[in-house]
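What follows is a short report on a single structure.
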Amino acid sequence: MIDPQKAEMFRNRLNKVHKHKSKIAKRQQISCYRLYDHDLPEFPFSIEIYEDNIYIAEYLRRHGMEDDEHEAWLQDCMAIIQSITGIEVDNMYCKQRKRMSHREGQYEKLSTEKQYFTVLEDSLKFLINLTDYLDTGLFLDHRITRNKVSTICEGKRVLNLFCYTGSFSVYAAAGGASSVTSVDLSKTYLGWAEDNLAINLFKDAAKYIFIHADVKQYLKTLKPDSFDLVIMDPPTFSNSKRMKDILDIQRDHVELINDVLKAITPGGLLIFSTNYTKFEIDSSNILAGSIKDITKATTPFDFEGKLKRWCFEIIK
């Protein structure tokens, strides 16, 4: 059971943010957004709305409750969330996760239910999974960045590195890119990316290319002037057995970015993002014409003051 006073605190906070954010989401015609992110220390949740469903990530902490007690507390919290949002508890999916400052957890499989459903963003379709992984398949914090890609990619050869489920690839295809190449080391996520393009009827195999590869090694194989626009959103750290080397984004970002710059046309653009909160870009060793921090410009309304990632526009 939740302490009644704390329950009222949670209810009031949730009601306040729901009124504010749901109004903005409706005005902007957004159906998937983050509602709450650890606003109160007693309720360490991230709560995201995906149309008629809710995804609740409970950050791991020492709560001092026995398993049965914690489960009862969680059910009470979900009842409060239902009372505010109107979304049934049966449509809520709850996971427990470590508080991480990066996206390492996206590759951790928790279940094999394979329960996917489709949501819309900017009239584009995306497959979401709220049961099998810590992350859902669509990073909501890059909503503005994805839209930016779609507005600048017409007629361009686009490369999406560490593509995950291919949301940037879908936007690039929708924006009229002449070709879209998606690269990832995970066959699971590469297949998911292919499905995301297919449900949006982007099925031309000659135009939409999927490459299963270690990005660090793949970049070394590219010739100059291979692409015009590149999106790179790598994990902070990866030591996958399938990789030839460990990836550490603070240590490796200069090499990665310079390898991208070698492969793009003069005046070509790299959109580089990282979730490493302590990240410092080493501009002096990056062989770019210009580097612009676009973190603030790409921060959606539902992440204001809570964003834990960086985003840069790097021009050759």
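Where a number appears in this text, it was derived from the coordinates with a stated rule and is not lab data. Small disclaimer: the values here were computed from a predicted structure and weren't measured. Counting neighbours? That spans all protein chains shown, and the Cβs are built from the backbone with ideal geometry, glycine included.
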Give the order of Met9, Met232, Met78, Met65 when sorted by the count of other beta carbons within 10 angstrom, beginning with the fewest. Met65, Met9, Met78, Met232
For segment 4-99, with only Lys/Arg (+1) and Asp/Glu (-1) charged at the beta-carbon, what is the dipole magnitude about the Cα centre, in debye rounded to 20? 800
For segment 242-300, with the dipole built from +1 on Lys and Arg beta-carbon atoms and -1 on Asp and Glu ones, taken about the Cα centre, which of Ile249, Thr299, Thr274 lies farthest toward the positive end? Thr299
Residue (of Leu287, Thr131, Thr236) at the positive-pole extreme of segment 118-315, dipole from beta-carbon charges: Leu287
Show me, bin by bin at 10 Å from 0, the whole-percent P(r) of segment 4-99 based on Cα pairs. 15, 52, 28, 5, 0
If I fit a long axis through the Cα atoms of helix 143-152 and take the longest principal axis of the Cα atoms of the chain, what angle between them do I get, 0 to 90°, rounded to 10? 30
Find, among the trypsin sites (Lys or Arg not before Pro) in segment 117-203, those assigned to loop by DSSP (not H, G, I, E, B) with at most 15 other beta-carbon atoms within 10 angstrom. Lys203
Tyr116/Lys203 FRET efficiency (R0 25 Å; Cβ-Cβ; nearest 0.05): 0.85
If the chain between Ile246 and Glu42 were fully stretched, how many nm would it gain, using 0.36 nm times the residue separation less the Cα-Cα distance? 69.8 nm
Which entries of Lys114/Lys148; Lys125/Lys223; Lys23/Lys306; Lys187/Lys223; Lys6/Lys26 show an alpha-carbon separation above 23 angstrom in the structure shown? Lys114/Lys148; Lys125/Lys223; Lys187/Lys223; Lys6/Lys26
With label points built 7 Å along Cα→Cβ from the Cα atoms of Lys6 and Ala297, find their separation and express it in nm. 4.4
Whole Å is fine, so just give me how far the alpha carbon centre of segment 207-281 lies from that of segment 50-78. 37
Can you give the relative contact order of segment 118-315 as a percent, counting alpha carbon pairs under 8 Å and 6+ residues apart? 18
Calculated from DSSP helices alone, with each H run of at least 4 adding -39500 (n - 2.57) and the total divided by the residues of the chain, [θ]222 nm to the nearest 500 comes to -9500 deg cm²/dmol
Taking every DSSP beta bridge that has both residues in segment 118-315, what percent is antiparallel when rounded to the nearest 5? 45
Of His20, His38, His63, the one that fluctuates the most in a GNM where the chain has Cα springs shorter than 10 Å: His63
Please work out how much length the chain gains when fully extended from Lys308 to Lys262, using 0.36 nm per residue of separation minus the C-alpha to C-alpha distance, in nm with one decimal. 13.7 nm
Measuring from label point to label point, each 7 Å out along Cα→Cβ, what is the Lys125 to Ser31 span in nm? 1.2
When the chain is modelled as a GNM with alpha-carbon springs shorter than 10 Å, which of Leu140, Leu229, Leu74 fluctuates the most? Leu74
Using DSSP to call loops (not H, G, I, E or B), can you name the chymotrypsin sites (Phe, Trp or Tyr not before Pro) in segment 150-214 whose Cβ has at most 13 other Cβ atoms within 10 angstrom? none
To two decimal places, what compactness ratio does the chain give when its Cα radius of gyration is scaled by 2.2 N^0.38 Å? 1.03
Mean projection area, nm², convex hull over Cα of segment 138-218: 4.9
Have a look at Thr299, Thr165, Thr265 and tell me which one the Gaussian network model of the chain (Cα, springs below 10 Å) gives the largest fluctuation. Thr265
Please give the charge dipole size of the chain, origin at the Cα centre, charges +1 on K and R Cβ atoms and -1 on D and E Cβ atoms. Round to the nearest 20 debye. 1000
Restricting to DSSP loop positions (anything but H, G, I, E, B) with no more than 14 other Cβ atoms inside 10 Å of their own Cβ, which trypsin sites (Lys or Arg not before Pro) remain in segment 1-101? Arg61, Arg62, Lys98, Arg99
